[in-house]
Amino acid sequence: MLIPRTENLLEVRDLKVHFPVRGGIMGQRDLGSIKAVDSVSFTVRRGETLGMVGESGCGKSTTGLAILRMVDITGGSIILDGQDITNLSSAELRPMRRQMQMVFQDPYGALNPRLRVLDIVGEPLVAHGMAPSRPQLRLRVAELLELVGLAGNMIERYAHEFSGGQRQRIGIARALAVNPNLVVCDEPVSALDVSIQAQIINLMEDLQKELGLTYLFIAHDLAVVRHISDRIIVMYLGKIVEIASRDDLYSDPKHPYTQALLSAIPVASPDAEAERQLNLLEGEVPSALNPPSGCHFNPRCPMAHDDCTAREPDLEQQGNDHFVACHLHD
């Protein structure tokens, strides 16, 4: 049966990922659950880069892993290219994995230093039967290396022989080996030097244009996200607090948490940096095991009022393609 193509490559509906916590002798006592991702809904449009930002522990990476079915899903659904993949078995999910791949955060930990580049990049090709012979495998891996800006004759070298930036290029080549539509990028440049970050970001933009890729780009650096994203999701403690286009989010942030994040971005001019007012957040991020009632951000919000503790705000539209979950905009 042909599945009709829609504008959205990915639809995430009411996604929940809760991790049970146990204690006591032999871990027999149920202490509750960590709500790493709690009722999150969004779409990723074909050919766009959707950025996802927030502090460490807000659920960004867990959302990415859940989309790829790399962690167990507690509730909700994931629709990839019109097909519900939420409850597919491992065997049923296998052909779908060609459509979605991941670029990991740590280029050192993501590649086995004892394997040659031929084996690292070639592994998904072999797994999906896309390289019938050894010569074809070598040729395809060499092509992939050249695609990401490395020499094709490097296929016999081992991962430990490469720099961090080169290793991340190898990770990108591995992700692209099976011609995916969706690439989940989990902080792909955070472990790299600033100068190398720019090279990798430019490479990813070039590859997106050339191959028609769709990115979910997870990061904590708002300057990087601003450069590469079309739209941006802001998460806090497992919840989405704001979704907007890049320009709208940076020019008119509506949620107090987004405003605080943006105020912390360094500016190039020392004079402007000295004069601007920082919107510093007080306190620590609450525990996802016992989140605050109402709006999760209310204990740290300078504008919180009674409604913020009494009930949870809905994610509502506040202008063209701009959504915010905040009682200040009810």
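The values are calculated or read from the model by the stated rules, or taken from the named source; none is laboratory data. A quick note: this is a predicted structure, and the numbers were derived from the prediction, not measured. Virtual Cβ from ideal backbone geometry, glycine too; neighbours counted across all protein chains shown.
For region 225-235, give me the residue count where each residue is of a type outside the set (S, T, N, Q) and modelled with pLDDT of 95 or more.
6
Does residue 132 fit the bill of being crowded, with 17+ Cβ neighbours inside 10 Å, of a type outside the set (A, V, I, L, M) and within 23 Å of residue 100 (Cα to Cα)?
no
If you scan region 179-231, which residues turn out to be surrounded by fewer than 17 Cβ atoms within 10 Å (Cβ to Cβ) and of a type in the set (D, E, K, R)?
193, 205, 206, 209, 210, 221, 230
Of everything in region 138-153 that's closer than 14 Å to residue 124 by Cα and among the hydrophobic types (A, V, I, L, M, F, W, C), which residue is surrounded by the most Cβ atoms within 10 Å (Cβ to Cβ)?
141
Is at least one residue of region 28-36 closer than 15 Å to residue 241 by Cα, part of a strand (DSSP E or B) and touching a Pro at 6+ places or on another chain (Cβ under 9 Å)?
no
Out of all the residues in region 69-96, which are closer than 25 Å to residue 204 by Cβ and crowded, with 18+ Cβ neighbours inside 10 Å?
The answer is 69, 78, 80, 81, 85.
Residue under question is residue 100, and the condition is that it be among the hydrophobic types (A, V, I, L, M, F, W, C), loosely packed, with under 15 Cβ neighbours inside 10 Å and at pLDDT 90 or above; does it hold?
The answer is no for residue 100.
May I ask you to verify whether residue 51 is within 27 Å of residue 193 (Cβ to Cβ), part of a loop (DSSP other than H, G, I, E, B) and not aromatic (Phe, Trp, Tyr)?
Taking the combined requirement at face value, the residue does not satisfy it.
Assess whether residue 30 counts as being acidic (Asp, Glu) and free of Cβ contacts under 8 Å to residues at least 24 places away in the same chain.
Yes, satisfied.
Looking at 43, 86, 63, which one is assigned to a loop (DSSP other than H, G, I, E, B), of a type in the set (Ser, Thr, Tyr) and touching a strand residue (DSSP E or B) at 6+ places or on another chain (Cβ under 6 Å)?
That would be 86, the only listed residue that is assigned to a loop (DSSP other than H, G, I, E, B), of a type in the set (Ser, Thr, Tyr) and touching a strand residue (DSSP E or B) at 6+ places or on another chain (Cβ under 6 Å).
Restricting attention to helices (runs of 4 or more DSSP H) lying wholly within region 92-182, give those where 1 or more residues are in contact (Cβ under 8 Å) with a residue 60 or more places away in the chain and under 25 Å from residue 66 (Cα atoms).
164-176
How many of the residues in region 284-308 are over 11 Å from residue 255 (Cα atoms) and either surrounded by 14 or more Cβ atoms within 10 Å (Cβ to Cβ) or touching a Pro at 6+ places or on another chain (Cβ under 6 Å) (or both)?
Of the residues in that region, 14 qualify.
Quick one: residue 314 ticks every box in (1) under 24 Å from the mean Cα position of the chain (by Cα); (2) under 29 Å from residue 30 (Cα atoms); (3) free of Cβ contacts under 8 Å to residues at least 40 places away in the same chain bar one, so which box is it?
Exception for residue 314: condition (2).
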